[in-house]
1. Rounded to whole Å and sorted largest first, what semi-axes of the equivalent ellipsoid does the C-alpha gyration tensor of the chain yield via the square root of 5 times each eigenvalue?
2. Where the centre of each part is set by its Cα atoms, how far does region 81-154 sit from region 42-57, in angstrom?
3. If you count, for each residue, the other Cβ atoms within 10 Å and average over each peptide, how do 119-125, 195-201 line up from highest to lowest?
4. Within the set of other residues whose C-beta is less than 11 Å from the C-beta of A320, count the net charge using Lys and Arg as +1 and Asp and Glu as -1.
5. Counting each DSSP H run of 4 or more residues in the chain as -39500 (n - 2.57), what helix-only mean residue ellipticity at 222 nm follows after dividing by all residues, to the nearest 500 deg cm²/dmol?
6. Given a Förster radius of 30 Å and the C-beta distance between L274 and L189 as r, what FRET efficiency does 1/(1 + (r/R0)^6) yield to the nearest 0.05?
7. If you take the charge dipole of region 211-393 about its Cα centre, with +1 on Lys and Arg Cβ and -1 on Asp and Glu Cβ, which of V310, V328, T226 is farthest toward its positive end?
8. Got a sec? Charge dipole of region 11-200, +1 on Cβ for Lys and Arg, -1 for Asp and Glu; which of G57, I131, M38 is way out at the positive end?
Amino acid sequence: MQHFFRRYLEFLRQPDVATLMGVALFARMPIGMVGFAMLMFLREHLGSFTLAGSASGIFFLSMAIAAPVQGRLIDRIGPRLPLIVTGIVQPLALASVIAVALAGFSFAYVALATAVAGAFAQPITVITRTIWRHRFERDDDRRTAFSLDAVLIELNFTVGPALTAAILAAFGSTAAFGLAIAVVIASSLIFQFSPALRYFRREPPAERHLLGPLTEPRLWLLFVTTFGLTTSFGLLEVGYPGYGTLLAMPALAGVLLAVNALGSATGGAIFGGLHLTWPMERQYAVAVGLMALPLFLHVLVADHPVLFGVVAFIAGMMIAPSIASQSVLVSRLAPAKYATEAFTWSSTFIVCGLGAGMALGGVLIETYGIRTAFACAGAIVLAMSLLAFLLPVAASGQPAPRGAD
């Protein structure tokens, strides 16, 4: 245990690392606030969960489509101008969502405003992950960085919704959405004036392929497994609310999601502090595979809510390690000139996987019952684990490929 804590202390004592972690936490607070606040605001002012959900879906779809374009632009010209543009346009677009909804405009105007807000979402998360690649050379340091990064994101998804819910209960949905927009503006300023951008390295001008990092076959295999993995996450996002509804305890959904996130944060903290000698490719495959067991256990303990909560925590413990090891592999496999674009493609596959899982989960729960959703999630991650074992193992600490298209 002493070695475990010493490892973290030594890591955080490296120049600017503790500061960068703090910046990453506060600058990404909007990811746990904007989607939830917008959904609740639009549900109240459009009078329909269907329309509010559709608008939220447009927001995330637009974000997924635009992310690789942003990534390619950042790799070419650097992050400062894209951060300035998105830091101005996204808050204005989100404010437009409030304006057109309060003014009673048709849903088309709301959809347009959410689409613009998604397309100009600030690329703080992918830039942060690119910075971890540039800041650390060794896989071991990168694994610790991405593990802590995953823990911080879980904190964003825990604190952000809780803060939004508190404002929602006290002052209403408009105030909650307005706060989320204010946090978007603050996060942009925090990130741009932090030391983070000093560690971003632009590669010299070079010939680039139209497909960018997707010309690397190993990245395709990694992204396919990422899509499957996050599909299982989407099944959980729907499965826990479905379980609470089944028990006539809708508030239980929030508890289970929080327990699952706490498990993920715990697993990420443990994973980052371990000294593992396995190749990163195998760490990823094993982390994904270990998630299958607790997912299947949901089926067996569904009649026992307390045990169900324990299993939700255990299932969460493999989420952050799997995402952290996946991020290390993206940072290593992507050619240097496509460093940021590779992470944006990763985000696109993650968002699409979550959406697919949530859609699939709704159908499975409505048609076959709650147990089927968790069984399907277990089967998917087991298949993705087996697929991940096909990733060829690179030499330890091998640098990212630099170039060839």
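1. Value: 31, 28, 20 Å, ordered largest first.
2. 21 Å
3. 119-125, 195-201
4. -2
5. -26500 deg cm²/dmol
6. E(calc), rounded to 0.05, equals 0.25.
7. Among V310, V328, T226, the one farthest towards the positive end of the dipole of region 211-393 is V328.
8. I131
Only the coordinates and a few stated rules stand behind these numbers; no lab work does. Bear in mind that the values here come from a model prediction, so they are computed numbers and not experimental data. In this analysis, Cβ positions are derived from the backbone assuming ideal geometry, glycine residues included, and neighbour counts consider all displayed protein chains.
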